[in-house]
Amino acid sequence: MKRRRMIEALLAAGALPLLAACTPATRGNGTNPTLAISRSEWRDILPADRFAVLFEEATERPWSSPLNDEERPGTYICAACHQPLFESRHKYDSGTGWPSFTQPIADTMGTKADYKLLMRRTEYHCNRCGGHQGHVFNDGPPPRGERWCNNGLALLFVAEGEPFPELRG
């Protein structure tokens, strides 16, 4: 109960967003995204809801993404730059309301510490464009025990046999 009161007090004081500014971001493979497109350019390219999730680290409502029900074989790609991020064989129903995966495609994600909920979480993002995807947790299924919980708005699905869109940038 004390944590809840503290969060309410921080929210009322407008201090909660400052916590995110106190944590150093790690982009790409520990440095910067490899794709240099400005935020204003992404704002012009992407619909407002996708931009908010990808570049303002917003979170979509649970169970709002049609990707929750996607069961075809294929690949999930970054909705901003179109880099392949997840293979469908690693998707599972975590019961959380967001598309979840047991692992990403190797070398496609960067991470950073996130304290926005006053506890340490690991945020992950596309290492090509820096677009926020979601958070990784240690409560997933064996053998890795990871749950890569993704915003559906941050992904596009390419069914097996369909052509991939061109990489942006």
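Brief remarks follow.
- Of the residues examined, Arg89 is one that is free of Cβ contacts under 8 Å to residues at least 24 places away in the same chain, closer than 26 Å to Glu160 by Cα and assigned to a helix (DSSP H, G or I).
- Neighbours by Cβ (under 8 Å, 6+ apart or cross-chain): first from segment 63-74, touching a residue at least 40 places away in the same chain (Cβ under 8 Å); second surrounded by fewer than 17 Cβ atoms within 10 Å (Cβ to Cβ) and of a type in the set (D, E, K, R): Asn68/Asp93; Arg72/Glu160; Pro73/Arg89; Pro73/Glu160; Gly74/Glu160; Gly74/Glu162
- Of the residues in segment 105-115, not one is farther than 24 Å from Pro165 by Cα and touching a His at 6+ places or on another chain (Cβ under 6 Å).
- Among the residues of segment 118-127, the ones that are in contact (Cβ under 8 Å) with a residue 12 or more places away in the chain and over 23 Å from Ile37 (Cβ atoms) come to 3 in all.
- Matching residues, segment 108-133, being in a strand (DSSP E or B), modelled with pLDDT of 95 or more and of a type in the set (Ser, Thr, Tyr): Tyr124
- Those residues of segment 92-107 which are in contact with a Lys or Arg (Cβ under 7 Å, 6 or more places away or on another chain), in a strand (DSSP E or B) and hydroxyl-bearing (Ser, Thr, Tyr), in sequence order: Ser100
- Test: residue in segment 36-49 that is in contact with a helix residue (DSSP H, G or I) (Cβ under 9 Å, 6 or more places away or on another chain), modelled with pLDDT of 95 or more and part of a loop (DSSP other than H, G, I, E, B): yes
- Any hit, segment 132-148, residues being in contact (Cβ under 8 Å) with a residue 40 or more places away in the chain, more than 14 Å from Pro84 (Cα to Cα) and in contact with a Pro (Cβ under 7 Å, 6 or more places away or on another chain): yes
- Residue check, Leu54 in contact with a Gly (Cβ under 7 Å, 6 or more places away or on another chain) and at pLDDT 95 or above: yes
- For first residues located in segment 38-59 and among the basic types (Lys, Arg), partners that are not in a helix (DSSP H, G or I) and lie 6+ apart or on another chain with Cβ distances below 7 Å form the pairs Arg50/Ala79.
- The residues of segment 65-79 that are of a type in the set (Val, Ile, Thr) and either under 15 Å from Cys149 (Cα atoms) or part of a helix (DSSP H, G or I) (or both) amount to a single one, Ile77.
Residues checked against (1) farther than 18 Å from Ser65 by Cβ; (2) surrounded by 14 or more Cβ atoms within 10 Å (Cβ to Cβ):
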| site | (1), (2) |
| --- | --- |
| Ile105 | yes, yes |
| Gly134 | no, yes |
| Asp139 | yes, no |
| Asn151 | no, yes |
| Gly161 | yes, no |
| Phe164 | yes, no |
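The values are calculated or read from the model by the stated rules, or taken from the named source; none is laboratory data. Predicted model only: the values in this text are computed from it and were never measured. Every residue, glycine as well, gets a Cβ built from its backbone with ideal geometry; the counts of neighbours run over all protein chains shown.
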